[in-house]
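Notes follow the structure.
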Amino acid sequence: MAGTLPGLAPPRPLPMKERSSLIFVEHGRIDVIDGAFVVVDQEGTRTHVPVGGFACVMLEPGTRVSHAAVALAARAGTLLVWIGEGGVRLYASGQPGGARADRLLHQARLALDETARLAVVRRMFALRFGEEAPERRSVDQLRGVEGVRVRRLYELLARRHGVAWDRRAYDRAEWDAADLPNRCLSAATSCLHGLSEAAVLAAGYAPAIGFLHVGRPLSFVYDVADLFKFETVVPVAFEVAGKAAKGRLEEPPERAVRRACRDAFRRTRLLERIIPTIEDVLSAAGIAPPEPPEDAQPPAFDDADPQADPGQRARA
């Protein structure tokens, strides 16, 4: 057909709910060889990674990524995240921005309307704690109530697993100076943040436009991740920290946390739930998304039988 590109057709992105959650890559060169996304180690051994089958690829120190590999990941709708050793820092992500202007604008409208924003925050509170938020509270006041409840949950989990716990504290400049529970929590939340950012981007929203969290590049990612944190990664972090404190781990705690987080994501079917939950919390504002204008650009992935989540990127 005239006008088509030579070679194989562009990959058809899988829906977020049908993907595996995370894969970590370290000490290797990532490239596209014979059309496949591969990791090449120092001895030249190739390991094929089905990049389109993952929501997020976490790149640890010692990795180098080619332009072709980044382009293929973007076409497949897979988020690349550059992280620190053990997954305890998040430096950058490789799929910035939103893919759907209509959803992004709707998100911005809700965040700028104080009444709508408060309704969204109240819904988030209800989902996190299983009860309605206290009446006649502002967003700042609800943030304070949330902080108290979160501290109590941390203390409860620490006692349950026999972990000495003071407070949630870490310093990016002195990361190794943090105690064991905080290092485990940092590794665990890094996994959840990467997965949440991939879902936010796939659904066509902006990571920076948050409701409870504000002023950060990943404010909305933190909002979304917090909805699932205490049923997935926080219990995992304290459980691993407890085992490490008792000498019952045969691998570094950060690695054990990552493995346990992937099991928790699979067990809770998290990838199936993130995007519907985002729609749920935004609908609490009672403002319907606007209809797209007649001259709006159609979705990039045009398919009579869609196989990707709304807003998913496709052809470069």
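All of the numbers you see were taken from the coordinates with simple rules; none came from a lab. Computed from a predicted model, the values in this text were never measured in an experiment. Don't worry about glycine lacking a Cβ; one is built from the backbone with ideal geometry, like all the others, and counts go over all protein chains shown.
For the residue pair R273 and A92, what label-to-label distance in nm results when each label sits 7 Å from Cα along the Cα-to-beta-carbon direction?
Simple spin-label model gives 3.4 nm for this pair.
Can you list, largest first and rounded to whole Å, the semi-axes you get for segment 16-93 by taking the square root of 5 times each eigenvalue of its Cα gyration tensor? Mind showing how you got there, number by number?
Values: eigenvalues 59, 56, 23 Å².
Taking √(5λ) for each Cα gyration eigenvalue gives 17, 17, 11 Å.
Using a 10 Å cut-off around each Cβ, can you sort V234, V121 from fewest to most neighbouring Cβ atoms?
V234, V121
Could you work out how much longer the chain between R266 and L105 gets when fully extended? Use 0.36 nm per residue separation minus the Cα distance between them, nm to one decimal.
54.8 nm
Note down the nm distance, to one decimal, between modelled labels 7 Å out along Cα→Cβ at V70 and at K17.
With each label placed 7 Å out from Cα toward Cβ, I get 3.3 nm.
Short version: ³J(HN,Hα) in whole Hz for each residue of segment 273-279, in order, from phi by Karplus 6.51 cos²θ - 1.76 cosθ + 1.60 (θ = phi - 60°), x for Gly and Pro, what are they?
Coupling constants for segment 273-279: 9, 5, 5, x, 5, 4, 4 Hz.
Can you bin segment 156-237 into rounded, prolate or oblate? Criterion: square roots of the alpha carbon gyration tensor eigenvalues sorted a ≥ b ≥ c, rounded for a/c under 1.5, prolate for a/b above b/c, oblate for the rest.
The shape class here is prolate.
Could you derive backbone 3J(HN,Hα) for segment 238-250 from the dihedral phi with the Karplus parameters 6.51, -1.76 and 1.60 (θ = phi - 60°), listing whole Hz in sequence and x where the residue is Gly or Pro?
Values per residue, Gly and Pro as x: 5, 5, 5, 4, x, 5, 5, 5, 8, x, 9, 9, 9 Hz.
Under the 0.36 nm per residue contour assumption, what length would be gained going from the current alpha-carbon distance of T115 and T45 to full extension? Can you show the working numbers first?
Working: separation 70, 0.36 × 70 = 25.20 nm, distance 5.67 nm.
Extending this stretch completely gives an extra 19.5 nm.
Pull out the extension gain between A36 and R149, defined as 0.36 nm times the separation in residues minus the alpha carbon to alpha carbon distance; nm, one decimal.
Result for the pair: 36.0 nm of gain on full extension.
Collect residues whose amide H, placed 1.01 Å from N in the peptide plane, falls under 5 Å from the amide H of I33; neighbours closer than 5 in sequence don't count.
V38
Using DSSP to call loops (not H, G, I, E or B), can you name the GluC sites (Glu not before Pro) in segment 122-151 whose Cβ has at most 11 other Cβ atoms within 10 angstrom? Provide the component values of the computation, followed by the final result.
Details: sites: E131, E132, E135, E146; in loops: E131, E132, E135.
Passing sites in segment 122-151 are E131, E132, E135.
Tell me, what ³J(HN,Hα) does each residue in segment 226-237 have, in order and in whole Hz, if you take phi through Karplus 6.51 cos²θ - 1.76 cosθ + 1.60 with θ = phi - 60° and put x for Gly and Pro?
Once rounded to whole Hz, the list reads 4, 5, 10, 4, 8, 9, 10, 7, 5, x, 4, 4.
Direction-averaged shadow area of the convex hull around the Cα atoms of segment 101-283, nm²? Don't skip to the answer; put the middle values down first.
Numbers: hull surface 43.2 nm².
Result: a mean projected hull area of 10.8 nm².
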